[in-house]
Amino acid sequence: MLSEHRKGESDLIHRDGMWFLHATCDLPDVEVVNPVAFVGVDLGIANIATTSDGVLYVGKTLRAVRHRHRELRRRLQTKKTKSAKRLLKRRSRKESRFATDTNHVISNRIVTEAKRTGRGISLEDLSGIRERVRLRKPQRVTLHSWNFHQLGSFIAYKAARLGVPLVHVDPACTSRECSTCGHVDIKNRPDQATFSCTSCGFAEHADVNAARDIASRGAMGWAVSHAA
Ligand SMILES: [Zn+2]
């Protein structure tokens, strides 16, 4: 990719004992194919991403890394020495690299699977994400919203690179709408992880049900905007 598409100069950077090459590539547009169906992707806090195929990306390791770093930060912040500050900086860069890497892995899997099966990707419109995490502590809101947007943008550019269609849908009510019969009821959600329809009896992991809602909204949105 570098030899064929590199634009301008690249920077070789040495940081935290590692080498990074920053290069800009200008890739030609790939023609978007008409999808046979849509994969829905639900983004969340407990599960980073859940697909309508029933795949859950839990992000346990990411949470563990964050927890360890928080502990270290707490200990180091009481010391106000220069070396403690330096170590803190290095640690938070490491943490954000780990989060970025996790998002690359997740987005690659989602986009590759959509491409392999000839489907498009339906993603929730991320403008409402701040609302959804409003009950959390402010620093967590920033962290999560940053993480959601990064994952969303990774999915978008990787999909564009492979010609996989991407649509954004309104995620309203996906937590309580049955993906089988369309019945909307707060009682469809007996607890955080479970979805159980009070009308048709359909039961599924709550995030998978939401992802299925997102998938069908994506298919609908695509059909409307591509009607001949
Ligand atoms: Zn139902």
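Residues whose amide H lies under 5 Å from that of Val169, counting only those 5 or more places away or on a different chain, are Leu123, Glu124, Asp125; hydrogens are built 1.01 Å from N in the peptide plane. Counting only DSSP beta bridges with both residues in the chain, the antiparallel share comes to about 70 percent. Once C-alpha pairs closer than 8 Å and six or more residues apart are averaged by separation and normalised to the residue number of the chain, the relative contact order reads 24 percent. Ranked by how many other Cβ atoms sit within 10 Å of their own Cβ, fewest first, the residues Val55, Val32 fall in the order Val32, Val55. Can you give the angle from 0 to 90° between the axis of helix 60-78 and the longest principal axis of the chain, with both taken from C-alpha atoms, to the nearest 10? The angle comes out near 40 degrees. Taking amide hydrogens as placed 1.01 Å from N in the peptide plane, the amide H of Ala37 sits under 5 Å from those of Gly120, each at least 5 positions away in sequence or on another chain. Counting Lys and Arg as +1 and Asp and Glu as -1 over every other residue whose Cβ lies under 11 Å from the Cβ of Leu123, the net charge comes to -2.
Fewest to most neighbouring Cβ within 10 Å: what's the order for Ser83, Ser199, Ser107?
Details: Ser83 9, Ser199 14, Ser107 24.
The most exposed by this proxy come first: Ser83, Ser199, Ser107.
Whole-Hz Karplus values for the range 101-110 come out as 4, 4, 5, 5, 4, 5, 5, 4, 5, 5 Hz, taken residue by residue from phi with 6.51 cos²θ - 1.76 cosθ + 1.60 and θ = phi - 60°; glycine and proline positions read x. Across the range 151-162, computed HN-Hα scalar couplings (Karplus, 6.51 cos²θ - 1.76 cosθ + 1.60, θ = phi - 60°) run 4, x, 6, 5, 4, 4, 6, 5, 5, 4, 5, 9 Hz from first to last residue, x flagging Gly and Pro.
For Arg73 and Ala160, a Förster radius of 30 Å and the Cβ-Cβ distance give a FRET efficiency of 0.25, rounded to the nearest 0.05. Within the chain, the percentage of alpha carbon pairs spaced more than 23 angstrom apart rounds to 57%. In the range 10-97, Rg over Rh equals 1.15, where Rg is the alpha-carbon radius of gyration and Rh the Kirkwood radius from pairwise Cα distances.
If the segment from Val58 to Ala23 were pulled out straight at 0.36 nm per residue, it would be longer than the present Cα-Cα gap by 9.5 nm.
The GluC sites (Glu not before Pro) of the range 1-97 that DSSP puts in a loop, and whose beta carbon has at most 10 other beta carbons within 10 Å, are Glu31. Extension gain, Leu12 to Thr81, is 21.8 nm, computed as 0.36 nm per intervening residue step minus the present C-alpha separation.
Taking amide H atoms as placed 1.01 Å from N in the peptide plane, the amide H of Asp53 lies under 5 Å from those of Gly40, each 5 or more residues away in sequence or on another chain.
Backbone phi angles across the range 180-194, fed through the Karplus curve with coefficients 6.51, -1.76 and 1.60 (θ = phi - 60°), yield HN-Hα couplings of 9, 10, x, 5, 10, 7, 4, 6, 5, 10, x, 8, 3, 9, 10 Hz in residue order; Gly and Pro are listed as x. For a 28 Å ceiling on Cα separation, which of these pairs sit above it: Lys60/Lys82; Lys89/Lys158; Lys115/Lys187; Lys60/Lys94; Lys7/Lys89? Where the Cα-Cα span goes over 28 Å, the pairs concerned are Lys60/Lys82; Lys89/Lys158; Lys115/Lys187; Lys7/Lys89. Spin-label model, Ala223/His149: points 7 Å from Cα along the beta carbon direction are separated by 3.4 nm.
Largest mean-square fluctuation among Phe202, Phe20, Phe38, in a Gaussian network model of the chain whose springs join Cα atoms under 10 Å apart, belongs to Phe20. Per-residue Cβ neighbour counts within 10 Å put His183, His226 in the sequence His226, His183, beginning with the fewest.
Remark on the chain: Cys25, Cys173 stand apart, with no other cysteine beta carbon under 4.7 Å.
Read-outs: derived from the displayed coordinates by stated rules, not from any lab. Because the structure is a prediction, the values reported are computed rather than measured. Every residue, glycine among them, receives a Cβ derived from its backbone with ideal geometry; neighbour counts consider all protein chains shown.
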